[in-house]
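Have a look at the structure below before the remarks.
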Amino acid sequence: RPPPPHALLHRRWRSLHAMRRLGAPPTAAACGLVLAAALGRGASALSRGRADIALGDDEAACSVQLLQQDARLFTRPVVADDGQGSDAALVPVSTQTGGAATRAAPTEGTNATLVRRTATWSGMKANAEGDLEAFITALCTNVGSLVVCVVVFMVLRVRYPEIYSNNVLKKVAPSSPDISGFFSWVHASLRATTAERIASIGLDNAMLLEYSLFAMKVCAIVGLPTCLVLGPLNALFGGHEAGGDNLSMFSFGNIHRGSPLYWLHAFGVWGVVLTIVKLVWQAQERFIHMRWVWLRGMPDIRANTVLVEGIPPEYQSAKKLREFFEVLFPGDKVKDTYCVRDTSVLRETLYALDEAKKALFEAETTESLNPGDPPLTVRTSLFGPRLEAKEYWRGVVDALEPRAAALRKEINDLSEEPGPKGYHCPSGFITFHSRRDAEVALRLNLISSDMLEWVVDTPPEPTDIFWADLMQGIAMQTGRAAIGYALVVGLYFAYVPLSVGITSIAQLINMGPLQPLWAGIAPTIGLSFMMSFLPTFIIWIFKLFFTLKAEAWAQLRLQRWYFWFQLIFVVMASAVGQNIREFHNTLVQRPFAIFGVLADTLPFSTHFYMNFIVLQWLTHAMNLLRYVNLSKFTTLSLIYDKESARAMSEPEDQDYYGLGSRSARWSIHLAIGIVYGTLCPPMYPLVFLNFAVCRLFYGYLIPFAETRKPDLGGVFWVTQLTHVFHGLVLYTLLMTGVLARRAETYGPCFVAAPSVVFVLLAMRRFQTHFAWERLPFHELMSDAGKALGKLATKRETKGLYLQEELLDPTP
């Protein structure tokens with residue numbers, strides 16, 4: 001049986017190097033490479049002293065250029081087809097790390113060394129000459145646009161204080177800056193203390209701002225020696241392998257293969273890992289104290305209440321629920337009980353009633369503002385006649401009000417009937433007289449032999465509850481969750497094809513005179529669309545198929561999944577390539593190939609991520625403008641009063657601008673700095689400036705402009721620190737593979753490889769060492785703990801743990 005094509009190709013590659021060592025002219029060497037490439041499908045062409053080997057159709061090609069001036073071999077990466085449906089080129093390419101290509105003989109047995117993937121679907125291009133000029137242009141453009149956005153924000157802030165300084169007007173902001181001053185927001189953003197922000201916006205959002213300071217600290221401590229020591233060493237003693245790629249002078253791309261500098265970088269990997277792990281540990285220890293203060297200040301209605309799920313049908317009523325827990329907690333310790341009622345039909349009726357009242361108000365207001373115009377009309381169906389809007393909506397309101405009252409009365413009259421017959425659901429709330437009893441209840445995990453019954457958990461804020469989720473039974477939750485997970489997996493595997501499809505359609509569009517501008521936007525429009533709407537797709541799946549119980553818990557789940565999507569499709573885009581299935585197949589069949597796959601792909605895209613981070617500065621400045629909220633406010637102000645219009649324009653889109661999405665994106669920005677910082681030292685100052693911009697802009701935006709969101713007490717912060725460990729794992733895998741590929745021996749690789757295990761153990765230790773979710777029981781029972789609890793300032797909260805739709809409406 002003939003040997004596989006990659007083995008034959010490897011032999012011809014070695015023959016080509018032998019020809020060049022014997023002094024063969026560049027033309028002969030090029031001919032040898034053309035013969036080697038002929039094993040793949042495609043054709044070869046020679047023109048003007050260079051060999052272009054086309055191995056596929058359209059963009060599926062790999063071009064090798066021979067520069068006769070110095071007879072050095074360079075590679076220009078484009079996706080090539082291996083004839084097996086993947087984007088892997090079976091043409092051996094030079095190993096390039098952070099800059100121009102360098103010669104490196106591939107190793108048999110690992111396709112990763114023979115493969116170079118480029119994520120053309122994302123608009124990503126490999127590092128090349130001329131990138132410095134392009135980066136400077138992009139830097140100046142983005143900084144200029146940022147300045148323009150800030151100037152516009154300062155003008156709009158003075159003109160529309162309801163949108164940009166509402167918390168100041170309501171006196172709930174950390175301070176009271178002059179809303180008529182153009183620069184007072186800067187001082188207000190930087191002056192507020194952590195304690196003031198926690199009192200104003202909650203611990204979750206306050207810790208998001210603290211995360212920006214943590215990221216700046218990481219970039220400063222790790223980035224300074226990297227930029228001031230390793231970067232100059234790469235530039236002066238690396239061997240100048242970057243050639244004309246001036247942007248890679250301080251990067252790994254400037255170090256020739258086999259350089260002794262790789263020993264220094266191997267120990268540098270340990271320095272990065274140990275430093276960041278220590279910083280994470282210190283940050284979490286500081287957070288623990290803030291978390292305990294937050295727990296002590298929890299309102300009594302929430303601190304003394306527990307959420308119970310999986311209630312058996314015979315106990316599904318407030319009376320039966322009280323009787324059951326009075327057996328567990330005798331002596332009049334249970335203050336109140338509430339069993340969730342099935343109000344799905346009533347809620348739909350009330351929603352329709354509210355929409356009808358809103359439409360009636362808008363019709364009456366429009367007619368009063370324009371008395372000379374004909375009355376507004378509405379079409380009740382696609383082919384139905386047009387009716388006068390005011391009379392139609394008045395009739396809808398008159399019909400729905402008695403129906404809602406009848407449904408409410410029917411549900412309340414059956415409150416004593418346990419189980420589904422009394423409209424009861426398998427979830428409820430138990431409120432105790434003391435917090436100690438509530439904490440004891442939270443630690444009860446063997447109430448029943450069935451682990452799905454009597455599940456006790458911490459309740460969300462009363463105003464943040466998804467009552468529809470609490471109406472579901474365990475069987476329904478399991479079935480819907482299975483469908484939800486299937487849809488998430490489908491979205492994962494459809495991400496790249498959808499991006500490619502949208503980009504392909506966009507590139508077929510001819511914009512006429514605007515075609516030059518469109519040509520620059522079209523290649524990345526697919527990725528831009530998917531990245532913008534990905535949080536919306538994920539949150540839709542979660543809310544439709546998962547039991548979330550509260551909006552804050554939905555944001556937490558979004559943070560976790562959105563981070564992994566971005567880690568794979570943004571940070572690892574060049575490794576994934578255009579075939580996510582082939583990428584996974586490679587890792588499943590040969591798990592240790594991950595080192596080579598990362599080393600042969602990620603280092604070639606450092607310039608792309610430098611531009612990506614700079615672009616984020618402008619994105620933050622655009623978020624500062626709050627243009628969506630402003631457009632809603634100005635439109636609604638034509639009909640409603642300013643306060644009503646402002647309330648209807650808030651909050652900002654929680655799919656993309658919510659705490660979950662923001663936390664995930666900020667984690668990705670720091671992960672990019674960690675993963676690519678050693679390969680490209682200038683990455684650290686760029687990421688540092690990114691978080692400095694975040695600290696300034698969001699330091700004003702969240703406490704002074706945006707409405708306060710439900711608070712989980714720092715759960716998002718802990719998840720972000722866990723994501724730091726995930727970034728460190730990817731960093732150690734990447735650096736181990738790069739050192740194995742480029743060092744003269746495996747010595748530097750053996751030095752760096754144990755860091756992978758160390759990071760995994762440190763992450764495990766981080767997850768098990770800190771008991772942060774609840775107050776230690778000793779803190780509740782000891783005299784010192786009780787004294788601190790009495791001195792704690794209790795936060796105000798709205799709402800009760802009952803369904804407001806069952807209450808009689810106020811006149």
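The values are calculated or read from the model by the stated rules, or taken from the named source; none is laboratory data. Fair warning: this is a prediction, and the values are worked out from it, not measured in the lab. Counting neighbours? That spans all protein chains shown, and the Cβs are built from the backbone with ideal geometry, glycine included. For the accessible areas, the whole protein counts, side chains as well, though only heavy atoms, and no ligand, DNA or RNA atoms are used. Shrake-Rupley method; radii C 1.70, N 1.55, O 1.52, S 1.80 Å.
Listing for the model above:
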quantity	calculated
Amide H partners (placed H, <5 Å) of SER637, local residues excluded	none
Solvent-accessible area, 1.4 Å probe, carbon plus sulfur percent, for segment 317-398	55 percent
Equivalent ellipsoid semi-axes - Cα gyration tensor, segment 581-735, angstrom	38, 17, 15
Apportionment of accessible area to carbon and sulfur, segment 404-560, percent (1.4 Å)	68 percent
Compactness relative to 2.2 N^0.38 Å, alpha carbon Rg of segment 660-751	1.41
Reachable lysines, given that their alpha-carbon falls under 23 Å from the alpha-carbon of LYS217 and they are not under 8 places away in the same chain	LYS278
Angstrom value of the Kirkwood radius, inverse mean 1/r, which spans all Cα pairs in segment 231-359	22.5 Å
Pairs from LYS333/LYS798; LYS320/LYS357; LYS170/LYS709; LYS171/LYS549 whose Cα-Cα separation, in the structure shown, is over 27 Å	LYS320/LYS357; LYS171/LYS549
Reciprocal of mean inverse Cα separation for segment 689-811 (Kirkwood radius, Å)	20.3 Å
Of all accessible heavy-atom area on segment 618-708, the percent that carbon and sulfur account for (1.4 Å)	68 percent
Radius 9 Å from Cβ of SER175, net charge of other residues (Lys, Arg +1; Asp, Glu -1)	0
